[in-house]
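As structure tokens, the structure follows; a few thoughts come after it.
None of the figures in this text is laboratory data; all of them are computed from the coordinates on show. Bear in mind the structure is a predicted one, so any value in this text is a computation, not a measurement. Using ideal geometry, Cβ is built from the backbone for each residue, glycine included, and neighbour counts are taken over all protein chains shown.
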Amino acid sequence: MQELDLDWSGWGDAELEALAVALPQCTELSTLKLMQSSCGNGCLTALSKSLSSGALDKLAYLGLGFNQLRDDGMVALCEAFVRGAAPWLKELWLNRNQIADAGLTAFSNALGSGALASLYVLGLTGNRIADAGVVSLAHCLAGGALANLQILWLNSNQIGDAGLKALAKPLGSSGSMAQLILLDLGGNQLGDEGIQSLSAALANGALGQLQFLSLVANRFGDKGVNTLAGALLDSGCLASLEFLYLRGNKIGDEGLGSLSEALAKGSLKNLKALSISRADRKLKLKQACANRRIDFETTHRKE
């Protein structure tokens, strides 16, 4: 058996703990799906113990999203990773749990030890991660962790400017996550300072392979967008970007004008779609998109 799909099974910790005991017998298993299976810390601790014993050494996909995982369960899982569990894991889905800074710090420490070197998809959407957790992640990135990562979901957390400023440093100075093609930071608390730091990293060559960038539903406005537009014009960064989502922020006419100018002068040469709130009130931006056949969506939600 190579795949075990228990997504939406409704199993609780008791059933899943029993499953964990049997997992060492599944020597060929490469995909384990436990999304919304009522898995809590008891289940995760049992699973971690099984992994630590050498079970599932061919595991490539682990789906634990939409459960009740908290920091103490994450610590147990990360201890297993440090011991060499799941050495070939490529996709790890932890979205829609209750993981906070302590859990991400434990995960970052595991990454810093050399664990999960093959990971290329990491889903952390909808947890309770704030700046301290992202600072720890940035620290391990500076050491070369997640060198093969291509997709990173950090949306719908509690990340602010301090977190994004910390993350931007290894991106710009050491070329961390150079293979990334998708980055979602939407639904956080990012302001102008964070976007300015990210823009500086981009201007320095960060994320050169990025194709999808979402910054929706944050708190930045004209200052942040002006800096981003300046980076686009001055450095030609984000040349591979195809999808840019900026809606639900506090971008006014000044920021829209800066972005219009950047697009009109050929920035984001591969852009296919732009989503930004109330962009239709800025005819230059609409015309710049039309001239380049860029699809753009507008919203009228209160910013």
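Here is the short version for the chain: Cys26, Cys78, Cys140, Cys237, Cys289 have no other Cys C-beta closer than 4.7 Å. Kirkwood hydrodynamic radius, computed over distinct alpha-carbon pairs, for the chain: how many Å, to one decimal? This gives a value of 20.0 Å.
I need the calculated FRET efficiency for the pair Asn270 and Ala117, taking r as the beta carbon distance and R₀ as 25 Å, to the nearest 0.05. Step by step, r from the Cβ atoms, then E = 0.25. At q = 0.16, 0.18, 0.20 Å⁻¹ the log10 of I(q)/I(0) for segment 1-118 amounts to -0.65, -0.85, -1.08, computed by Debye summation with a single uniform scatterer per C-alpha, solvent ignored. Using C-alpha pairs below 8 Å separated by at least 6 residues, the relative contact order for the chain is 10 percent. Once the C-beta distance of Arg83 and Ser173 is scaled by a Förster radius of 41 Å, the resulting FRET efficiency is 0.85 to the nearest 0.05.
Please give the calculated 222 nm ellipticity per residue for the chain, where each DSSP H segment of at least 4 residues contributes -39500 (n - 2.57) and the sum is spread over every residue; nearest 500 deg cm²/dmol?
Values: 10 runs with 118 residues, N = 303.
Rounded to the nearest 500, it is -12000 deg cm²/dmol.
Calculated on the alpha-carbon coordinates, the convex hull of segment 206-254 measures out at 79 cubic angstrom per residue.
A full extension of the chain between Lys223 and Ala147 corresponds to an added length of 24.2 nm, given 0.36 nm per residue minus the alpha carbon distance.
Were the residues from Ala22 through Leu182 laid out at 0.36 nm apart, the gain over their Cα-Cα distance would be 54.0 nm. Here segment 182-303 yields Rg over Rh of 0.91, to two decimals, using C-alpha coordinates and the Kirkwood radius.
A straight Cα-to-Cα reach below 29 Å connects Lys282 with the lysines Lys223, Lys250, Lys265, Lys269, Lys272, Lys302, residues fewer than 8 places away in its own chain not being considered.
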